[in-house]
Amino acid sequence: MDPTTGWLGGTMEQAATLARRAARSDATVLVTGESGTGKEIISQLVHAHSDRAARAMVCVNCAALPESLIESELFGHRRGAFTGAETDRVGCFELSSGGTLLLDEVSEIPLHLQAKLLRALETRKLQRVGSNELVELDLRVVATSNRPLQGEVAAGRFRLDLLHRLRVIEVDLPPLRERCHEIRPLALHFLRLVSRHGDSPGGFAETALQRLEQHHWPGNVREMRNVIHRACVLAE
């Protein structure tokens, strides 16, 4: 299923078109933009239109993992590799075998682990923590970031060579405040989604649409979806 069905025209459709074209190969894709702009939807689209669509898409929220666990979460570990490692563990790279690995908020990966990530991407091989054995990888990687990675490179927090490796194909999603022409079709799309659950009124008043177009939308598309859902539930 195409996860962008109903998103009409504009920047989002251009991004979706690029994502579908990128899906034809195993090229690494970097999706950038502020929180709430639709990065995960574009990532899902890459997977859905690839030859790997029938296999798993494993998502790792790099920002939600404690620094001490990121290496084990990504690459796995052998029993006894560190305190508390009582059994062997398969990491997300191996779990994604045959499918797609989404590295959400990749800028949060610590600098000292970025070299290992780069090597895994370059060689399609990895070593579990505490092991000397090389594991062959067969997967496609999509990464997202809500921070400008070029700025992270300049600040010394992100490797330039890793940035180049991640953005073989880059899809940049501008904030919703720069896509005002998309607000009406997006509002109608979210109204249709809510209507499926029986919570929707008949439509929008013109004044309501104008208010939507005038709002700054600091939370971008995610904020807009929630505002419309709330309005539909509370409407009389």
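The values are calculated or read from the model by the stated rules, or taken from the named source; none is laboratory data. Please read these numbers as outputs of a predicted model, since none were measured by experiment. Methodologically, a virtual Cβ is constructed for each residue, glycine included, from the backbone with ideal geometry; neighbour enumeration extends over all protein chains shown. Note: accessible area is taken over every heavy atom of the protein model, side chains too, but ligands, DNA and RNA are not part of it. Shrake-Rupley method; radii C 1.70, N 1.55, O 1.52, S 1.80 Å.
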1.4 Å probe accessible area per residue over the chain, in Å²: 51
Listed peptides 209-219, 157-167 by packing density, highest first (mean Cβ within 10 Å): 157-167, 209-219
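Percent of accessible area on region 106-236 owned by carbon and sulfur, 1.4 Å probe?
Details: 3610 of 7180 Å².
Carbon and sulfur: 50 percent of the exposed surface of region 106-236.
Would you work out the charge dipole size for region 101-220 about its Cα centre, treating the Cβ of every Lys and Arg as +1 and the Cβ of every Asp and Glu as -1, and quote it to the nearest 20 debye? Walk me through the numbers on the way to the answer.
Working: 17 positive and 16 negative charges, 32 e Å.
Rounded to the nearest 20 debye, it is 160 debye.
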Degrees, to the nearest 10: 183-195 long Cα axis against longest axis of the chain: 90
Residues whose placed amide H lies under 5 Å from that of Asp172, excluding near-sequence neighbours: Thr32
Dipole magnitude of the chain about its Cα centre (Cβ charges: Lys, Arg +1; Asp, Glu -1), debye to nearest 20: 260
Environment charge at Pro110 (Cβ cut-off 14 Å; Lys +1, Arg +1, Asp -1, Glu -1): -3
For region 1-158, average projected area of the Cα convex hull in nm²: 9.9
Residue (of Pro185, Ile169, Leu212) at the positive-pole extreme of region 74-221, dipole from beta-carbon charges: Ile169
The chain, helix-only ellipticity at 222 nm - DSSP H runs n ≥ 4, -39,500 (n - 2.57), divided by all residues, nearest 500: -12500 deg cm²/dmol
Gain in span if fully extended, Ala63 to His216, counting 0.36 nm per residue against the direct Cα distance: 52.5 nm
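Ignoring ligands, DNA and RNA, please state the percent of accessible area on region 10-95 from carbon and sulfur, probe 1.4 Å. Kindly include the intermediate steps, with their values, before the conclusion.
On the way: 1910 of 4170 Å².
Roughly 46 percent, rounded to a whole number.
Assuming 0.36 nm per residue, please report the length gained on full extension of the stretch Val90 to Ser35 beyond their Cα-Cα distance.
On the way: separation 55, 0.36 × 55 = 19.80 nm, distance 2.96 nm.
Extending this stretch completely gives an extra 16.8 nm.
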